[in-house]
1. Would you calculate the separation in nanometres between label points at Arg362 and Glu110, each defined as 7 Å from the Cα along the Cα-to-beta-carbon direction?
2. Quick one: putting +1 on the C-beta of Lys and Arg, -1 on the C-beta of Asp and Glu, what dipole do you get for the stretch 108-242 around its Cα centre, in Debye to the nearest 20?
3. Give the carbon-plus-sulfur fraction of the accessible surface of the chain in %, rounded to a whole number; probe 1.4 Å, heavy atoms of protein chains only.
4. With r as the distance between the Cβ atoms of Arg88 and Lys311 and R0 = 41 Å, compute the FRET efficiency 1/(1 + (r/R0)^6) and round to 0.05.
5. May I ask for the Rg/Rh ratio of the stretch 74-157, computed from Cα atoms with Rh as the Kirkwood radius, given to two decimals?
6. Name the residue, out of Tyr19, Tyr53, Tyr231, whose mean-square fluctuation peaks in a Gaussian network model built on the chain with Cα pairs under 10 Å.
7. Quick one: which residues, 5+ away or cross-chain, put their amide H under 5 Å from the amide H of Asp302? H built at 1.01 Å from N.
8. Go ahead and estimate [θ] at 222 nm for the chain from helices alone: -39,500 (n - 2.57) per DSSP H run with n ≥ 4, summed, over the residue count, rounded to 500.
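The values are calculated or read from the model by the stated rules, or taken from the named source; none is laboratory data. Since we're looking at a predicted model, the values are computed, not measured. Glycine gets a Cβ as well: all are built from the backbone with ideal geometry, and neighbour counts include every protein chain shown. Surface accessibility is based on the protein's heavy atoms, side chains included, excluding ligands, DNA and RNA. Shrake-Rupley method; radii C 1.70, N 1.55, O 1.52, S 1.80 Å.
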Amino acid sequence: MTYDTVIVGSGIAGLSAAYRLAPDHDVLVVDRAGIGEGTSSRASGVLTAPVDYPDQPEWAAHATEFFRDLDGTGTFDWIDREYVRGVRPDDRDNAEESAAVDGIEIVDVEECGDVFDDNAPYDRALVWEDCGYCDVDDLLATLYSEASRRGVEFRPDTTVTSVRVTDGAATAVKTEYGTVEADTVVVAVGSTTRNLLADVLELPIRTFTWNVAYLDADLDDGYPMGGDPNYGAYWRGTDDEQLLVGVEHCYESEPPSEEEAFGDRLDAFIRDELGGLLAAVDAETDVVRYEVCPMADATTPDAKGIIDAPKEGPDDLVVAAGFHGAGVMAAGSIGTAIRSLATVEEAPFDLEPFRLDRFDVRGTDFEFASMFATEN
């Protein structure tokens, strides 16, 4: 059998693509582990596309609409939550420019109630209303069940060893159990995408991760999500009233040593900075536990993903990787983008920001960029 599309990887990109393609395509999803068990399963569940894609409002709106439409399907629930970011006096001009976008408000910091510490370095705050969070396992499980219901076939525990190219086109994937023919091959396996495609396409993707801690903070119901770009950090309340705090963390070796994978940036941020930003945290606040994803995430030279059918690669190959931890919140748009490339349909948003040819480099020797540096 030849499938219309074979998707390698069952993380958020692979599942959302399968969900979008399922109504009118024969789709097979192959994963070396269980379905949805990779890096995506370790995401924090913040659904903040308007925050993380500030220069792509159509993309962000499409992603948010997807979650609102999916709410109540299977086990997935969208939980509305404001996202609040303090603004320092020397960043007021940029903040006012951001607030010119629909759905973002700039307010005096006092209007944020007891979120920020009295001595926090903010005088104003940006507030995003159209954000929320979810249980990521529920999201992945719902996409899997809905795609299956629509006819998508899944093969977990099946390792893809290479992509076969015939007459300049990707025509199959080779697995440990044999070859699978397809009209289009989608590769969406996170940080391993570069290695899998090494023989047919070079990608500027390197590994990194988010380090996360859960703090025993006394949070009010509805505590807003937030973050501080100066520290590459974000936070949100949990359903059991803990405070989840995450920071970007880059490492050099692949795979990283245990010390590299965790590092000391998160501890230093919690110990030296967080209490001066948030009223709910002080010297007596205990860390309940730490988490670090054992499967490395992936990033690019500008900390934005690659979603493309690159001209320099074989025909009928679509690549989706390098989302720098901002993949789950854009699931609906990622799936739509992959579908548009696989079917040569017009996408309802601009795909130029995700093209491979925006980069001059193709190797991994590039400086690590924070996703926050891409903001207006």
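1. 5.9
2. So the magnitude is around 1500 debye.
3. The computed percentage sits at 42.
4. Calculated value: 0.45.
5. For the stretch 74-157, the value is 1.23.
6. Of Tyr19, Tyr53, Tyr231, the most mobile in the Gaussian network model is Tyr231.
7. Amide H neighbours of Asp302: none.
8. It comes out at -6000 deg cm²/dmol, rounded to the nearest 500.
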